[in-house]
1. Report, by residue number, each residue of the range 79-107 that is in a strand (DSSP E or B), among the small types (Gly, Ala, Ser) and open to solvent by 20 Å² or more (accessible area, probe 1.4 Å).
2. Say we look at the range 108-125 and pick out the residues that are part of a helix (DSSP H, G or I) and farther than 30 Å from GLU80 by Cα; which of these is least open to solvent (accessible area, probe 1.4 Å)?
3. Pairs, please: C-beta under 7 Å, at least 6 apart or cross-chain, first residue open to solvent by 100 Å² or more (accessible area, probe 1.4 Å) and in the range 6-34, second at pLDDT 95 or above?
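The values are calculated or read from the model by the stated rules, or taken from the named source; none is laboratory data. None of the values given here were measured: they were computed from a predicted structure. Using ideal geometry, Cβ is built from the backbone for each residue, glycine included, and neighbour counts are taken over all protein chains shown. We work out accessible area using only protein heavy atoms, side chains counted, and drop any ligands, DNA or RNA first. Shrake-Rupley method; radii C 1.70, N 1.55, O 1.52, S 1.80 Å.
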Amino acid sequence: MPPAPLDDDRLTALGLFLEAHDGLQRRLEPQLAEHGLPPGEFEALLRLARTPGGRLRMSDLASQLRLSTSGASRLVDRLEQRGQAERVACPTDRRGAFAAVTAAGRRDVEAALVEHLELVNRWFCAVLDPEELSALTAALRKVRDVVHPGAAAGAVPDPPPEGGTDPAASPGRSRPSGPGQGRVRGR
């Protein structure tokens, strides 16, 4: 006899994941605020700084940050106003543009990372032994690649969600494979 729906271990696993994410955000956000970096802007600068060449297509940045293209454009506008990022024309597509981290943006994110990494270690990494951290990272990447494949660099942007469908089975979906799964170093 299957467990009653309210006793389903899948609910427990997802609930623990969401509670852990929320708790980590509450522990990390005040430190970012001390550096004048709202979480979304820090995430954008971190992704740009960790990407080879320090730039991403605007559409890729939007997908990785779970933003609309206009939302990503407004975010990059704010970063440009502070001199932390710039738009660079795409040499092969006049309609396309890249968001690129500037030297000032890289300095700002690197300055925030010193204490940020200490907090990440204290509240996340040091809680797990190395094997657990490696297994968790692999498991999270596996889930991420199914529910948010557009987060991997160069991937096809996520389509609008469809209720009750299996995104991994969607036709025409490009899934990165091989070492690093096509992923830019990062989250």
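1. Going residue by residue through the range 79-107, those that are in a strand (DSSP E or B) are 85-89, 97-101.
If we keep only those that are among the small types (Gly, Ala, Ser) as well, we get 85, 89, 97, 99-100.
Matches in the range 79-107: ALA89, ALA97.
2. Within the range 108-125, the subset part of a helix (DSSP H, G or I) is 108-123, 125.
Adding the requirement that they be farther than 30 Å from GLU80 by Cα leaves 121-123, 125.
Working: ASN121: 79, ARG122: 138, TRP123: 95, CYS125: 36 Å².
In this case the residue turns out to be CYS125.
3. ARG27/LEU119; ARG27/TRP123
Each row is one residue, and each column tells you yes or no for (1) more than 21 Å from ALA152 (Cα to Cα); (2) acidic (Asp, Glu); (3) in contact (Cβ under 8 Å) with a residue 24 or more places away in the chain.
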position	(1), (2), (3)
ARG57	no, no, yes
SER73	no, no, no
CYS90	no, no, yes
ARG94	yes, no, no
VAL114	yes, no, no
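Here's the yes/no breakdown for (1) at pLDDT below 95; (2) under 19 Å from LEU14 (Cα atoms):
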residue: ASP77; (1), (2): no, no
residue: ALA89; (1), (2): yes, no
residue: THR102; (1), (2): no, no
residue: GLY105; (1), (2): no, no
residue: ALA111; (1), (2): no, no
residue: ALA126; (1), (2): no, no
residue: ALA138; (1), (2): no, yes
residue: GLY164; (1), (2): yes, yes
residue: SER174; (1), (2): yes, no
